[in-house]
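The values are calculated or read from the model by the stated rules, or taken from the named source; none is laboratory data. All values derive from a computational prediction rather than experimental measurement. Cβ placement follows ideal geometry from the backbone for every residue including glycine, while neighbour counts extend to all protein chains displayed.
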């Protein structure tokens, strides 16, 4: 597939969910269910974003198509005094092109750069850990055997902005 325009970041919608589920299944050993995404989209305080290719593209059969193609998504929810980055994924075919960075930048712009944020990430996911560190997230603990699918530990990371009170893991 040949892409012919740039990605845009916009709010994630219910109509995006079929493409979200396809990326989710390619990205995680235990993907979220449709109902989990619906729940997060229904929260009024959440920040749910989509990276989409809005332009025309040529499919494998040489036909030109003109509809949005979801390239990645981000789900961030507010719990108490902190935001929890719940899920970030990019289509494997377009990874390493700055889409996760763009999604995180937009999340911070929408939710507030000075707020507190937390997340869990697989301890073996070095690329994601480096990306989060670039955004000011710092390790604060480990949740032992957090991921039930593999028994892997989760690294707890926090980002505490200038206006946020320090949070405990």
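If you check 117, 147, which single one turns out to be surrounded by 13 or more Cβ atoms within 10 Å (Cβ to Cβ), over 13 Å from the mean Cα position of the chain (by Cα), touching a residue at least 40 places away in the same chain (Cβ under 8 Å) and under 21 Å from residue 21 (Cα atoms)?
147
Looking at 119, 131, 155, can you tell me which residue is outside any loop (DSSP other than H, G, I, E, B), out of contact with any strand residue (DSSP E or B) (no Cβ under 8 Å at 6 or more places or on another chain) and modelled with pLDDT of 95 or more?
Details: 119 fails: out of contact with any strand residue (DSSP E or B) (no Cβ under 8 Å at 6 or more places or on another chain); 155 fails: out of contact with any strand residue (DSSP E or B) (no Cβ under 8 Å at 6 or more places or on another chain).
Just one listed residue meets the conditions, 131.
Is it true that residue 158 is in contact (Cβ under 8 Å) with a residue 12 or more places away in the chain, in contact with a helix residue (DSSP H, G or I) (Cβ under 8 Å, 6 or more places away or on another chain), crowded, with 18+ Cβ neighbours inside 10 Å and more than 22 Å from residue 25 (Cβ to Cβ)? Steps first, please.
Working: in contact (Cβ under 8 Å) with a residue 12 or more places away in the chain: yes; in contact with a helix residue (DSSP H, G or I) (Cβ under 8 Å, 6 or more places away or on another chain): no; crowded, with 18+ Cβ neighbours inside 10 Å: yes; more than 22 Å from residue 25 (Cβ to Cβ): yes.
Judged against the criteria, residue 158 is not a match.
Condition test on residue 21, is it over 25 Å from residue 109 (Cβ atoms) and free of Cβ contacts under 8 Å to residues at least 24 places away in the same chain?
On the way: over 25 Å from residue 109 (Cβ atoms): yes; free of Cβ contacts under 8 Å to residues at least 24 places away in the same chain: yes.
Yes.
Condition first: under 19 Å from residue 7 (Cβ atoms) and crowded, with 17+ Cβ neighbours inside 10 Å. Now tell me which residues in segment 98-114 satisfy that.
If the condition is that a residue be under 19 Å from residue 7 (Cβ atoms) and crowded, with 17+ Cβ neighbours inside 10 Å, then 99, 100, 102, 103, 104, 106, 107, 108 are the ones that fit.
Restricting to segment 71-88, give me the number of residues that are touching a strand residue (DSSP E or B) at 6+ places or on another chain (Cβ under 7 Å) and surrounded by fewer than 22 Cβ atoms within 10 Å (Cβ to Cβ).
Residues flagged as touching a strand residue (DSSP E or B) at 6+ places or on another chain (Cβ under 7 Å) and surrounded by fewer than 22 Cβ atoms within 10 Å (Cβ to Cβ) within segment 71-88 amount to 6.
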